[in-house]
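Let me begin by presenting the structure, written as structure tokens, before commenting on it.
The values are calculated or read from the model by the stated rules, or taken from the named source; none is laboratory data. These numbers come from a predicted model, not from an experiment. Note: ideal-geometry Cβ built from the backbone for every residue, glycine included; neighbour counts use all protein chains shown. Protein only, heavy atoms only, side chains kept; ligands, DNA and RNA dropped before computing areas. Shrake-Rupley method; radii C 1.70, N 1.55, O 1.52, S 1.80 Å.
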Amino acid sequence: MKKHNFSAGPCILPQSVLQKSAEAVLNFNNSNLSLIEISHRSKDFVEVMDNARALALEHLGLQNKGYQALFLQGGASLQFLMVAFNLLEKKAAYLNTGTWANNAIKEAKFLGEVVEVASSQSDNFNFIPKNYNIPTDADYFHCTSNNTIFGTQMQSFPTTNIPLICDMSSDIFSRQLDFSKFSLIYAGAQKNMGPAGTTLVVIKEDILGKVSRAIPSMLDYKVHIDKESMFNTPAVFPVYVSMLTLQWLKDLGGISAIEKQNNQKAELLYNEIDRNPLFEGFVAQKEDRSKMNATFNLKNDQLKETFEAQLKNVGISGLNGHRSVGGYRASMYNALPLESVQVLVDIMQAVEKGA
Ligand SMILES: *Cc1c(COP(=O)(O)O)cnc(C)c1O
């Protein structure tokens, strides 16, 4: 039976990408060798890496603007540390909008002073703080564009004179933004781009070289840039699948085309959450709702069994909320078809009629 995969991450990828990836594992570019058993320095793989890096910049509109794209390892979680290691001299400003932002703050504190400009922690992160002040003497400002666990998303970003750094793990390539506002963007592949195992880092080169500490090679962005993202053996398979996904997105018409679909999916589901008396959204203000991860509850616990049995019947998978929020979370990443959201909405209506 066809599954409707609402998993928060690792998550759904385009079927055609999975097909091509599977083929490349057996026979890459008709070489009669597997993608994962050849040298990462072979011409065929260097092409994959170059292509993936170029496509990432192209989608973000950042080619020839002083930016470099890297595919590193260690997950977005290592970026929490690497950002601070490379950029934090004295003091950095952070916006605390959820578990991941909190983790980023924790790592930065190893290396300097952290100013938390605002936090939504006291309300279990159910809103995005606004109207905060960013100290102009901080080395950078760090924020999280989409809070995967709580289902909130920043709709606008502050204008500041200091470098703007953003963890875009769970909404990169999902909507158009002026990406040139950002000095560094990072995203673990497994939310909207590929398998776990690689992390995209897009970095404006001129922000580097300003801290006084010595930086170990593997943590040094400059080293990875100089080695064209091949300082050590890259995660060949995750990079390849990410490249295919970026190519798929390009063939589809790029971010502006996928954004239209993402808006349709989010509208369909949120309209039902608001209309259907059995359900309620988790996020306090509608304007803060994430178009990637919709968090909601079933008001009446007694209907839980019926609802979940029906979800199972139609092949809906991965809808359970994160343990720190409870309820349900529908992750609607780029590769999730509108049809899957419709199937979910139909079940919400069926439970309402039967209730
Ligand atoms: C999942 C996630 C992370 C953690 O990513 P890892 O690759 O597992 O380290 C960080 N930030 C956000 C916004 C996430 O959604």
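For K2, neighbours were defined as the other residues whose beta-carbon sits under 14 Å from its Cβ, and their charges (Lys and Arg +1, Asp and Glu -1) total +1.
Given R₀ = 30 Å, FRET efficiency for L338-N51 by Cβ-Cβ distance, to 0.05? Mind dumping the intermediate values first?
On the way: r = 29 Å, r/R0 = 0.96.
Between L338 and N51 the formula returns 0.55.
Protein heavy-atom accessible surface, 1.4 Å probe, per residue over the stretch 254-354: 46 Å².
In summary, the convex hull built on the alpha carbon positions of the chain has an orientation-averaged projected area of 18.0 nm². Which one, V325, Q285, Y270, projects farthest toward the positive side of the charge dipole computed for the stretch 254-354 from Cβ point charges (K/R +1, D/E -1)? Result: V325. Applying Stokes-Einstein at 37 °C and 0.692 mPa s to the Kirkwood radius of the stretch 254-354, computed over alpha-carbon pairs, gives a translational diffusion coefficient of 236 µm² s⁻¹. Contact order, relative form, for the chain: 23 percent (alpha carbon pairs under 8 Å, 6 or more residues apart, mean separation divided by residue count).
Is it possible to state the helix-based mean residue ellipticity at 222 nm for the chain, with each DSSP H run of 4+ residues giving -39500 (n - 2.57), the sum divided by total residues, to the nearest 500 deg cm²/dmol? What is it?
So the helix-based figure for the chain works out to -11500 deg cm²/dmol.
Please check which bits of the stretch 285-315 a label hung off E267 would reach, taking the label as a point 7 Å along Cα-to-C-beta and the cut-off as backbone N under 13 Å. Answer for the stretch 285-315: none. In this structure, the amide hydrogen of I316, modeled 1.01 Å from its nitrogen in the peptide plane, lies closer than 5 angstrom to those of H4, counting only residues at least 5 positions away or on a different chain.
Using mean Cβ contacts within 10 Å as the protection proxy, how do 10-17, 254-261 order, highest first? Present the calculation step by step, with values, prior to reporting the outcome.
Numbers: 10-17: 18.8, 254-261: 16.1.
Highest mean packing first, the order is 10-17, 254-261.
Across the stretch 292-297, rounded Karplus estimates of 3J(HN,Hα) from the backbone phi angles (6.51 cos²θ - 1.76 cosθ + 1.60, θ = phi - 60°) give 9, 10, 9, 9, 7, 10 Hz, Gly and Pro being marked x. First select every other residue whose beta carbon is under 14 angstrom from the beta carbon of K210; then total the charges, Lys and Arg +1, Asp and Glu -1. Summing Lys/Arg as +1 and Asp/Glu as -1 gives -1. Taking N320, N133, N300 in turn, the Gaussian network model of the chain (Cα-Cα springs below 10 Å) assigns the largest fluctuation to N300.
Comparing G194, M1, G61 along the charge dipole axis of the chain, the residue lying farthest to the positive side is M1, per the Cβ-charge model. Averaging 1/r over each pair of different alpha-carbon atoms in the stretch 1-120 and inverting the result gives 18.1 Å, the Kirkwood hydrodynamic radius. Of the trypsin sites (Lys or Arg not before Pro) found in the stretch 277-312, the ones in coil according to DSSP and having at most 15 other Cβ atoms within 10 Å of their Cβ are K299.
Considering only protein heavy atoms and a probe of 1.4 Å, how much of the accessible area of the chain is carbon and sulfur, as a whole percent?
In the chain, the share of accessible area belonging to carbon and sulfur is 48 percent.
Can you give me the C-alpha center-to-center distance between the stretch 89-118 and the stretch 311-333, rounded to a whole angstrom? Between the Cα centres of the stretch 89-118 and the stretch 311-333 lies a distance of 30 Å. Dimensions of the stretch 61-110 from C-alpha coordinates, computed as largest minus smallest value along each principal axis and given longest first, are 33, 24, 19 Å.
Excluding M168 itself, calculate the net charge of residues whose Cβ lies under 15 Å from the Cβ of M168, where each Lys or Arg counts +1 and each Asp or Glu counts -1.
Values: positive: R175, K181, K191, K204, K291; negative: D167, D171, D178, E259.
Combined, the nearby Lys, Arg, Asp and Glu give +1.
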